[in-house]
Amino acid sequence: MRTFEALESNVRLYSRSLPDVFSRARGSIMLTDSGREVIDFLSGAGALNYGHNNHEIKAAITEYLASDAIIHGLDMATPAKREFMETFDSVILRERGLQNYRFQFTGPTGANAVEAALKLSRKITGRQNVISFTHGYHGLSLGAASVTGGRLFRQASGVALSGATFMPYDGYLGPAVDPADYLRKVLRDESSGIDAPAAIIVETVQGEGGINVAGKEWLRSIQAISKDVGALFIVDDIQMGCGRTGEFFSFEFAGLSPDIVTMSKSLSGYGLPLSMLLIKEERDAWRPGEHTATFRGNNLALVSATAAINIYWRSRTFSQGVQRMGEVMRRRLEAIAFEHGNSFEVRGRGMALGFDCQFAEIAEAATRKAFEKGLIIERCGPGDQVIKFLPALTIDLETLNQGIDIFDAALAETMKQPE
Ligand SMILES: *Cc1c(COP(=O)(O)O)cnc(C)c1O
C-alpha cells in the first residue's frame with residue numbers, strides 16, 4: 001500500500017477503507033495480492049450488477065476485440081451501436097410499453113449524463129431552477145453537484161452552486177407528512193418564492209443518500225406535479241437501474257414514464273464506462289453537437305451492454321431471481337437487526353438494501369471488522385451511518401449467506417466491545 005500512500009493523491013477513498021491490493025476477481029469474489037478471498041457486497045458502487053468478469057459477457061467482448069472492430073469512433077455510426085439500440089429498444093423499452101425514447105450517449109461518467117439532462121431541460125423550458133431532493137446524489141461535476149445534497153461535496157466545488165431548490169424526499173418529514181403536498185403547493189403558488197422549475201430530478205431509491213426508498217404514490221405525485229407545472233420529469237437510474245431493485249428500471253413498479261432517464265454504472269454490464277440518456281422523442285430538442293464529448297458510446301462497452309441484455313433480460317427469470325434473493329437478504333438482515341434490539345433499521349428494494357446503524361461509529365467498526373473477516377461492504381447516508389448491501393445480482397445463495405454470516409459476526413463483535 002506504500003506506493004498508493006506516497007504517490008496517489010489524498011483524494012483516494014476506497015483504498016483507505018479497504019486497505020489491500022486487489023488483483024483478480026470473478027463473480028462475487030475478489031482476490032487480493034496476498035491470495036486472500038473477499039466477498040464483494042459493494043459491486044463497484046452498483047457498476048457490477050452482473051458480477052466481476054462475467055464469463056458470458058466476457059466472451060462477447062473478447063470476440064469483438066479479436067476482430068479489429070471499431071473501439072473508438074466518437075459518435076460515428078457502427079454496427080455495435082446499432083445492435084445495442086435495436087436490442088435495448090425491443091427487449092427493454094417496448095417490452096415495458098416505454099415507446100418513443102431516443103438514445104443520447106454522453107461522456108462516460110454518470111455525472112455527464114446528469115449534466116446533459118439538466119441542460120436539455122433548461123433549453124426546452126427556458127427556465128433555470130431545478131427541483132432536487134434532500135439527501136439526493138447525482139454526481140460531482142458542477143451541474144450535477146448543484147443537485148446533490150451532501151455538504152462536503154458542495155463545499156469542495158469551490159463556487160456557488162446555483163440553479164437548484166431542494167425539497168423534502170419521501171419520508172423526510174416522518175410518516176405523517178406527504179412532502180409531495182408541500183412541493184405541489186409551492187410550485188403552484190406564484191408567490192412562494194420558488195422559481196418555476198425546468199425539471200424535477202429524482203432517485204426512486206437514494207443510493208448514496210442512505211438507501212432511502214420512495215413510495216409508489218409519492219413518485220406518481222412527483223411525476224404528476226412535473227407535468228402540471230411544465231417541468232421535465234427526470235429519473236436518475238444510474239445506481240438503481242439495470243435490475244438492482246428487481247426490475248430493469250427502478251421506476252417500473254410505479255408505472256412511471258419519465259421525460260428523461262439517466263443511466264450509467266451497470267449499463268455496460270462489465271464495469272466498462274458507458275452512460276446515456278433516454279429522452280422522450282418529443283423532448284429531443286438538441287441541435288447537433290450541443291452536448292458532446294470525446295468518449296461517447298464506447299463500442300466495446302456497447303457490445304458488453306448488448307450481451308448483458310441478451311443474456312439476462314430476454315425472459316422474466318432473472319428479474320424474479322433478483323426479487324427472491326432480495327427477500328432472502330431482507331429477512332436475514334431484519335433478523336440480525338432484531339437480535340440487537342430495535343436500534344437498527346433495514347430498508348431498501350430488491351437487492352439494494354441498507355442497514356441503518358443510527359451511529360456512524362457502529363457502522364464504521366462493523367464494516368472494518370467485516371473486511372478483516374473477508375467481506376466488502378460500504379457505508380452511505382448523511383452521517384455514513386447506513387451500511388449498504390449491493391451484492392451482484394448474479395450471486396449464488398451460498399455466497400450470499402456466507403457474506404451475511406460475516407456481517408453478522410462483525411456486527412456482534414462491534415456491539416460486544418464498542419470502540
Ligand atoms: C454514481 C451516481 C451518479 C454519478 O455517476 P458518476 O459516474 O460517479 O459520475 C449519479 N447519480 C446517481 C444516482 C449515482 O448513484
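The values are calculated or read from the model by the stated rules, or taken from the named source; none is laboratory data. Quick caveat, the model's predicted, so the values are computed rather than measured. All Cβ positions, glycine included, derive from the backbone under ideal geometry; neighbour counts span all protein chains shown.
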Inset, instruction - Look through the stretch 201-244, keep the residues that are among the basic types (Lys, Arg) and within 23 Å of Gln323 (Cα to Cα), and return whichever of them is nearest to the ligand (Cβ to nearest atom). - result: Arg244
Inset, instruction - Starting from the stretch 198-223, keep only residues that are on the phi < 0 side of the Ramachandran plot, then list their pairs with residues that are away from the ligand (no atom under 12 Å from the Cβ) and among the basic types (Lys, Arg) whose Cβ atoms are within a distance under 7 Å, requiring at least 6 positions of separation or different chains. - result: Ala198/Arg122; Ala198/Arg127; Val205/Arg349; Val213/Arg347; Val213/Arg349
Legend entry - Those residues of the stretch 100-145 which are of a type in the set (S, T, N, Q) and either more than 13 Å from Ile200 (Cα to Cα) or modelled with pLDDT under 95 (or both), in sequence order: Asn100, Gln104, Thr106, Thr109, Asn112, Ser141
Legend entry - Long-range neighbours under 6 Å by Cβ, at least six apart or interchain, first residue closer than 14 Å to Gly381 by Cα and more than 13 Å from the ligand (Cβ to nearest atom) within the stretch 132-156, second of a type in the set (Gly, Ala, Ser) and at pLDDT 95 or above: Thr134/Gly149
Legend entry - Close pairs (6 angstrom Cβ cut-off, 6 or more residues apart or separate chains): assigned by TED's automatic domain parsing to the domain that holds Ile222 in the stretch 181-193, polar (S, T, N, Q) anywhere: Val186/Ser192
Legend entry - Hits in the stretch 382-411 - residues which are among the hydroxyl-bearing types (Ser, Thr, Tyr) and either within 11 Å of Asp40 (Cα to Cα) or not in a loop (DSSP other than H, G, I, E, B) (or both): Thr399
Legend entry - Qualifying residues in the stretch 67-110 (those that are among the small types (Gly, Ala, Ser) and either under 16 Å from Ser268 (Cα atoms) or part of a loop (DSSP other than H, G, I, E, B) (or both)) - the one nearest to the ligand (Cβ to nearest atom): Gly110
Legend entry - Yes/no for Lys123 being in contact (Cβ under 8 Å) with a residue 40 or more places away in the chain and either crowded, with 21+ Cβ neighbours inside 10 Å or away from the ligand (no atom under 16 Å from the Cβ) (or both): yes
Legend entry - Positions within the stretch 304-320 being in contact with a Leu (Cβ under 9 Å, 6 or more places away or on another chain) and not hydroxyl-bearing (Ser, Thr, Tyr), in sequence order: Ala305, Ala308, Phe318
Legend entry - Filter pass, Ile260 being within 16 Å of the ligand (Cβ to nearest atom) and among the aliphatic types (A, V, I, L, M): yes
Inset, instruction - Please determine, by comparing only the residues of the stretch 132-162 that are touching an Asp or Glu at 6+ places or on another chain (Cβ under 7 Å) and not aromatic (Phe, Trp, Tyr), which one is surrounded by the fewest Cβ atoms within 10 Å (Cβ to Cβ). - result: Ser141
Inset, instruction - Please work out which residue is surrounded by the most Cβ atoms within 10 Å (Cβ to Cβ), limiting yourself to the stretch 71-104 and to residues that are under 20 Å from Thr292 (Cβ atoms) and polar (S, T, N, Q). - result: Gln104
Legend entry - Selection from the stretch 188-200 of residues that are of a type outside the set (S, T, N, Q) and more than 16 Å from the ligand (Cβ to nearest atom): Arg188, Asp189, Glu190, Gly193, Ile194, Asp195, Ala196, Pro197, Ala198
Inset, instruction - Tally the residues that are within 26 Å of Leu31 (Cβ to Cβ) and within 24 Å of the chain's Cα centre (by Cα), restricting the search to the stretch 375-419. - result: 23
Inset, instruction - Answer with yes or no whether Glu378 is in contact with a Leu (Cβ under 7 Å, 6 or more places away or on another chain) and not hydrophobic (A, V, I, L, M, F, W, C). - result: yes
Inset, instruction - Considering each residue of the stretch 263-303, count those that are within 14 Å of the ligand (Cβ to nearest atom), surrounded by fewer than 23 Cβ atoms within 10 Å (Cβ to Cβ) and aliphatic (A, V, I, L, M), and give that number. - result: 2
Legend entry - Of residues in the stretch 177-206 being under 26 Å from Ala352 (Cβ atoms) and of a type in the set (A, V, I, L, M), the one surrounded by the fewest Cβ atoms within 10 Å (Cβ to Cβ): Val177
Inset, instruction - Please specify each residue of the stretch 325-381 satisfying the condition of being in a helix (DSSP H, G or I), of a type in the set (Gly, Ala, Ser), touching a residue at least 12 places away in the same chain (Cβ under 8 Å) and surrounded by fewer than 22 Cβ atoms within 10 Å (Cβ to Cβ). - result: Ala337, Ser343, Ala360, Ala365
